[in-house]
1. For the residues 96, 51, what sequence is obtained by ranking on other C-beta atoms within 10 Å, fewest first?
2. Modelled label-to-label distance, residue 46 and residue 11, 7 Å Cα→beta-carbon offset: nm?
3. Kindly express, to the nearest 10 degrees and within the range 0 to 90, the angle between helix 13-24's C-alpha long axis and the longest C-alpha principal axis of the chain.
4. Below 8 Å between Cα atoms, with a sequence gap of 6+, how large is the relative contact order for segment 5-56 in percent?
5. Step by step: find N for segment 15-65, compute 2.2 N^0.38 Å, then divide the Cα radius of gyration by it. What's the final number?
6. Using 0.36 nm per residue of separation minus the Cα-Cα distance, give me the extension gain between residue 87 and residue 3 in nm, one decimal.
7. How big is segment 1-43 by Rg and Dmax over its Cα atoms, in Å?
8. Obtain the radius of gyration and the Kirkwood radius of segment 77-131 from its C-alpha atoms and give Rg over Rh.
């Protein structure tokens with residue numbers, strides 16, 4: 001069995017799509033639109049085959065969780081894997097230089113991964129990680 005996809009609600013569909021395409025290599029499908037519901041979405045496919053659905057529709061309430069300073073119940077982050085520490089460092093530098101916060105790392109975790117944490121334009125937590 002495989003995990004088919006993960007979905008994220010957003011108020012700025014084009015901005016979030018551009019972020020995941022530019023910094024993580026996602027390939028978007030054509031935008032889907034349901035005029036009746038005013039629902040729009042993109043599926044982004046990544047090199048591994050994993051997919052991320054980005055969705056927008058009026059009336060979706062904001063998340064009241066503070067994603068910067070504390071954790072919360074439920075899905076807390078997406079993790080993108082790379083092949084080397086150099087790739088982790090390069091992605092951290094690229095995102096930092098583009099104005100995105102680096103919340104922690106790059107560092108070696110207790111379970112032996114090398115990673116850093118950041119936020120996407122909607123303040124969703126992301127990790128970029130490699131083994132060992």
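Derivation of every value follows stated rules applied to the coordinates shown; laboratory data play no part. All values reported here derive from a predicted model rather than from experimental measurement. A quick note on method: Cβ atoms are made from the backbone with ideal geometry, for glycine too, and the neighbour counts reach across all protein chains shown.
1. The order, fewest Cβ neighbours first, is 96, 51.
2. Reported label-point gap for residue 46 and residue 11 is 2.6 nm.
3. The helix 13-24 is inclined about 30 degrees to the chain.
4. It comes to 45 percent, rounded to a whole number.
5. That works out to 1.26 for segment 15-65.
6. Contour length minus the Cα-Cα distance gives 27.8 nm.
7. That works out to 11.6, 34 Å for Rg and Dmax.
8. So for segment 77-131, dividing Rg by the Kirkwood Rh gives 0.94.
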